[in-house]
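The values are calculated or read from the model by the stated rules, or taken from the named source; none is laboratory data. Quick caveat: nothing in here was measured; it's all calculated off a predicted structure. Backbone-built Cβ (ideal geometry, glycine too); neighbour counts: all protein chains shown.
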Amino acid sequence: MINEKSIKEYIKTLFGEEALNVTIEKLGEGVQGAGFLIEIKTHEGDKHYVIKGLFPEGLEHDYPADRAGVFLLDLDEFKNLPKHVKAIDVLSEMDDGSIKSIGGGKEYYLLMERAEGKDYFNDLAAFAGRDKLDTGDIEKIHAMVSYLAKIHSARKDSKQLYWRKVRDTIGHGECLMGVFDTYPEGTISSSEMTAIEKKCVDWRARLKPKFKRLCQIHGDFHPGNIWFKKKGEKTSPLHAPVDFILLDRSRGPWGDAADDITALTINYIFFSINHFGKLQGPYLEAINLFYDQYINETGDAELFEVLAPFYAFRGVVVANPVFYPEVTPENRRRIFNFVNGVLDDESFKIEKVNEYIHKGSG
């Protein structure tokens, strides 16, 4: 489970000439991980430390970043509790097998490339002034659908990762329950908020047997993270008529295709509600085109049976007055109606979106 050779080299570097010999012995293991005893022989006597590793599946330890987060919190907090053993450092094993320290930081930052182009929010806003989609709008939808169909074709067999994605969509601090916790008092009644959460928990039970749907996802495929380039700029390997670059993949690389699809398509509904009070015009045309092409390319007819809790999360996001203060109370009510309506239906139906909007519970 651990790279003994590299850890010994790290210890020898840390202690320098003081370390005469280093041995590592497994102490045992529990539900979450295993512990190893490190014995360092020095001129002044033996020193003993313990190194711990976490098993990489389940209990939200699935990704290396999960395990790093656990240990960084340990490093910060062990010392703050009386009579607790002290944490010395957090170690990272690199691709080449070497070990380095990542402990001691008070904040962490991500350095990345700069995106060029305009985000898809610009296109969505422009739909309101048109009677129907133009050629460029259609090309962009085709490009996004083909991209999603391609990445979603990568599959993984892991019941735990699928269950985690459904669980996170409902209960993660960045997802439905966490977003609800940021709502200003009085935005929505406590009873309706609780009812939505309970409906999503019921949907979790319905989705758990569908773990074979696990596929590669972006994880936050919303318009602000999709930047279209001007024609003529460097294109991607997909050679689409129009091209885009993506930002901020998040919440894990594996999940249900419904996560990406609802992240984007909720915005056709959201923008149409804001402009017209219902789904119509280019927004209706866009969502129909999106689903028709996606189902045609993937054959994923089951998709409509799993969309509800993902739409609920995305609906709670766009209805949040902290994120979208310009939404009127009437239109915010329509979004909550949509959330309740789609959760109450057996499967999502585009032709019933306006019925959800105007007849949802609340």
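Would you mind listing the helices (runs of 4 or more DSSP H) fully within segment 94-192 where at least 2 residues are among the basic types (K, R), in the same structural domain as Q280 (by TED's automatic domain parsing) and modelled with pLDDT of 95 or more?
On the way: elements: 121-127, 135-152, 159-171, 176-180.
Once the helices (runs of 4 or more DSSP H) in segment 94-192 are filtered for at least 2 residues that are among the basic types (K, R), in the same structural domain as Q280 (by TED's automatic domain parsing) and modelled with pLDDT of 95 or more, what remains is 135-152, 159-171.
For segment 6-28, which residues satisfy the criterion of being without any contact (Cβ under 8 Å) to a residue 12 or more places away in the chain, in a strand (DSSP E or B) and either surrounded by 14 or more Cβ atoms within 10 Å (Cβ to Cβ) or small (G, A, S) (or both)? Break it down stepwise before answering.
Restricting attention to segment 6-28, the residues satisfying the condition of being without any contact (Cβ under 8 Å) to a residue 12 or more places away in the chain are 12-14, 16-17, 26, 28.
Narrowing the set further to residues that are in a strand (DSSP E or B) leaves 26, 28.
Across segment 6-28, the qualifying residue is only G28.
Out of contact with any helix residue (DSSP H, G or I) (no Cβ under 9 Å at 6 or more places or on another chain), free of Cβ contacts under 8 Å to residues at least 60 places away in the same chain and not assigned by TED's automatic domain parsing to the domain that holds P309 - does that describe any residue in segment 82-91? Spell out how you get there, then give the answer.
Quick first cut of segment 82-91, residues out of contact with any helix residue (DSSP H, G or I) (no Cβ under 9 Å at 6 or more places or on another chain) only: 82-83.
If we keep only those that are free of Cβ contacts under 8 Å to residues at least 60 places away in the same chain as well, we get 82-83.
Remaining after also requiring not assigned by TED's automatic domain parsing to the domain that holds P309: 82-83.
Scanning segment 82-91, I find at least one residue that is out of contact with any helix residue (DSSP H, G or I) (no Cβ under 9 Å at 6 or more places or on another chain), free of Cβ contacts under 8 Å to residues at least 60 places away in the same chain and not assigned by TED's automatic domain parsing to the domain that holds P309, so the answer is yes.
Restricting to segment 206-231, name every residue that is farther than 20 Å from R314 by Cα, surrounded by fewer than 17 Cβ atoms within 10 Å (Cβ to Cβ) and either touching a residue at least 60 places away in the same chain (Cβ under 8 Å) or outside the structural domain of A257 (by TED's automatic domain parsing) (or both).
Matches in segment 206-231: K210, K230.
Considering only residues that are charged (D, E, K, R) and either within 27 Å of the chain's Cα centre (by Cα) or over 16 Å from K8 (Cβ atoms) (or both), which ones fall in segment 69-95?
D74, D76, E77, K79, K83, K86, E93, D95
Does D62 satisfy being assigned by TED's automatic domain parsing to the domain that holds I266, acidic (D, E) and under 20 Å from D248 (Cα atoms)?
Numbers: assigned by TED's automatic domain parsing to the domain that holds I266: no; acidic (D, E): yes; under 20 Å from D248 (Cα atoms): yes.
The answer is no for D62.
Only one of these is acidic (D, E) and on the phi > 0 side of the Ramachandran plot: E44, E60, E39. Name it. I'd like the intermediate steps shown before the answer.
Details: E44 fails: on the phi > 0 side of the Ramachandran plot; E39 fails: on the phi > 0 side of the Ramachandran plot.
That would be E60, the only listed residue that is acidic (D, E) and on the phi > 0 side of the Ramachandran plot.
Of everything in segment 38-48, what is exposed (fewer than 14 other Cβ atoms within 10 Å of the Cβ) and within 16 Å of V85 (Cβ to Cβ)? Give them in sequence order.
Listed by number, the list holds a single entry, H48.
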